[in-house]
Each structure stands twice: as structure tokens, then as C-alpha cells.
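The values are calculated or read from the model by the stated rules, or taken from the named source; none is laboratory data. Everything numeric here is computed off the predicted structure, so don't read it as measured data. Cβ: placed from backbone, ideal geometry, glycine included. Neighbour counts: every protein chain shown. Surface accessibility is based on the protein's heavy atoms, side chains included, excluding ligands, DNA and RNA. Shrake-Rupley method; radii C 1.70, N 1.55, O 1.52, S 1.80 Å.
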Amino acid sequence: MNFLEEKIVKEGIVKEGNVLKVDSFLNHQMDIELFNDMGKEWKKRFAGKNINKILTIEASGIGIACIVAQHFGVPVVFAKKSKSINLEGDMYTAEVESFTHKNKNQVIVAKKFLSEEDHILLIDDFLANGCALQGLIQIVQSAGATVEGIGIAIEKGFQTGGKIIRNLGYQLESLAIVDDMNAATGEIVFREQ
């Protein structure tokens, strides 16, 4: 069992509806030491890749992406879920559906932050159905940039997202893959990696 799986077993809570609550360390309160370990691991897994930018989606991916970016020495760009008065100029947009929030959002990245010279590492906290990642991939492709890899903290292996993304040919590195969860017992089964 790796460091992230151990943390999930210790502090994660399995809820009805295939929900894994990890808000005590990942997506509400953030364990920066854990994020640092995640960054080190992704740096190893993507060694040799020409990564010059990290792209994530607001909100839960931002904290992780910022710590990971320190290991790569690159900036972080995040796709915004709503247009604000501060956004100006041309935008890349994609529609994404959230498994957690059960809604669809337009995600937006200003064109000035992505170009065809960029080699992108996508980072996010969860992968369920893959809709958010597909939206980010669409934005990267619209910019003419290259997706060099995808780092996910927790993948729900019993849902279709991981298979879809891998079938598209991307190097997807999930630090913990949950193959089964039981809300009644709290048991979590991880995929051997």
C-alpha cells in the first residue's frame, strides 16, 4: 500500500452513491506534506517528459497542482468554471460534467496562457467518469498544445474515466486506484499497481 492509499484508509470516509470523502486531507483541508509526496511521485513517473506547464480545473485541483508545479519548476494554469469581469480577451472553452456536483459547467482558459509551444501535465484530485479531463484535453488541443501526461490523485477504477482516458493513448498516472468501496463497512479495495 502506498502513502496515498494509507492516508485514504486512515482518514477517508466511504459514503452511499460511490462517494469517497477525503476532505480532511485532499479537497477541503489540504495536507501539504502529502501533496509534496504526490509531486515527488509524479516527477518520477513523468521523468524525461518535456513539461513546461501544469493545467488543472478549479477548485480542488489547484492546491495539488501548485505543490506539484514546484517539483517541475513550471507555472500552473487553472480552468475557471465561470466567467468573471477579470477575464479578458479570447478564451478556450469546454463543457464538463461534474460527477460530484451533478451539474455541467463551461470551463474557461484565457488563450494568452496556452499556446502550441506548451507541453502540458494535467493534474486533478479525482477521476470518475473522465468528463473534466476530457474537457481539459479539448482545451489543450484547441490551443495546439501537447498533453504530456495526466496525474490523478484518486481514480475510481470501477467507473469508466480511467479506461476512456487510457484508450485515448495518454499516460495516466493515478496514485491510488479504488476498485471497490462499501459504504456499509467502510471497506476500500485498491488496485495493485
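About the centre of its Cα atoms, the stretch 1-142 shows a dipole size close to 120 debye [charges on the beta carbon of Lys, Arg (+1) and Asp, Glu (-1) only; nearest 20 debye]. Computed with a 1.4 Å probe on the full set of protein chains, the accessible area for Glu187 sits at about 110 Å². On the beta carbon distance between Asn52 and Gln106, with R0 = 22 Å, the FRET formula returns roughly 0.25.
In the chain, Cα pairs under 8 Å separated by at least six residues give a relative contact order of 19 percent. Extents of the stretch 146-185, taken as max minus min of Cα coordinates on every principal axis and listed largest first, are 43, 17, 9 Å.
Compute the accessible area per residue over the chain, keeping the other protein chains in place, probe 1.4 Å, unit Å². Mind dumping the intermediate values first?
On the way: 9600 Å² over 193 residues.
On a per-residue basis, the chain sits at 50 Å².
With a simple spin-label model that places each label point 7 Å from the Cα along the Cα-to-Cβ direction, the separation between Gln138 and Phe158 comes to 2.9 nm. A crude spin-label estimate for the pair Asp90 and Leu168, with each label 7 Å from Cα along the Cβ direction, gives 2.2 nm. Taking the Cα atoms of the stretch 105-168, the ratio Rg/Rh between the radius of gyration and the Kirkwood radius comes to 0.98.
In terms of overall dimensions, the chain has a Cα radius of gyration and Dmax of 16.0, 51 angstrom. Around the amide H of Asp180, modelled in the peptide plane, lie the amide H atoms of Val189, all under 5 Å away and 5 or more residues distant in sequence or on another chain.
Sorting Phe126, Phe35 by accessible area puts them as Phe126, Phe35; the probe is 1.4 Å, largest comes first, and only protein heavy atoms count. Size of the stretch 1-93 from its Cα atoms: along the principal axes, largest to smallest, the extents are 46, 36, 20 Å. Extension gain for Asn182 to Asn129 (0.36 nm times residue separation, less C-alpha to C-alpha distance): 17.2 nm.
The accessible surface of the chain, taken with every protein chain in place and a 1.4 Å probe, is 46 percent carbon and sulfur. Need the list of aspartates and glutamates near Lys104 for cross-linking: C-alpha distance under 13 angstrom, and skip anything on the same chain fewer than eight residues off. Once the sequence-local aspartates and glutamates are set aside, what remains near Lys104 is Glu95. May I ask for the angle, rounded to the nearest 10°, between helix 32-45 and the longest principal axis of the chain, with both axes built from Cα atoms and the value confined to 0 to 90°? Relative to the chain, helix 32-45 is tipped by roughly 70 degrees. What 222 nm value per residue comes from the helices of the chain, counting each DSSP H run with n ≥ 4 as -39,500 (n - 2.57) and dividing by all residues, nearest 500 deg cm²/dmol? -8500 deg cm²/dmol, from helical runs alone.
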